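Inspection log for the structure reproduced underneath, given as C-alpha cells.
Here, each number is a calculation from the coordinates, and none is a lab measurement. In this text the structure is predicted, and so the values were computed from the model without any measurement. FYI the Cβ positions are ideal-geometry reconstructions off the backbone, even for glycines, and counts take in every protein chain you see.
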Amino acid sequence: MADRSTSAEPSGSEPGQSAARHRRQRKLSAIVGAFLLVIVAGSAATLGSEILSKPLIAIQLAALGLAGIFDLLSGIELLPTGPLAWYQWSGLGNVCLGLSLPLGFVGGETVLLAMLTLGGLSLAALGFDMLVFHGAYTRGNRLDRGPEQADVR
C-alpha cells in the first residue's frame, strides 16, 4: 500500500520555515488590506456625494472596504483576531473582494461582466475554503493543523 501521508512542510524544509512563510503571508495580507482601504478612500473622495446616486458603486466600495479591513486585521500580528484565525480573516477578505469585483460593471459590457463575475467567484471560493475549511482544498493541507496531522481533513 502506498504511503498517503503528506507533510504541511515541503520536503526538506524545517518547522521554522513554515512560521516564516506564515509571517510573510500575513504581511502581504496587511499590505493588500491597506491598499484596498486607500482605493476605497480615494474613490469615495473622488465621487463624493455622487456615491449615493449609484447604489451598486456604494455597495462595491463597502465590500472593498470590508475586504481591506479583514485583510488588514489578518495581517497585523499584534492584534488579537478573536474567534477566527488570521487566515480565516484573510479568507473573509477574499470573499468580500471576490463578490465586489463585478458590481461596478453591472449594466455594462456583458463579456467583461461575465469575466469579472467568474474571476470574482473564483476568488470568493478560495476565500471560502480559507474561512470554512482552513485551506484544505486550495493549499493541500489544513492551516490549523501541524505536519503530523496534515492528511486529516
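Side notes on the structure shown:
- Shape of the stretch 30-72, Cα gyration tensor, a/c cut at 1.5: oblate
- Spacing of the two label points (7 Å from each Cα toward its C-beta) at A19 and V132, in nm: 3.3 nm
- Kirkwood Rh and Cα Rg combined as Rg/Rh, the stretch 51-140: 1.05
- Extension gain from L78 to V111, taking 0.36 nm per residue of separation minus the Cα-Cα distance: 7.6 nm
- Proxy reagent accessibility, fewest Cβ within 10 Å first, across M130, M115: M115, M130
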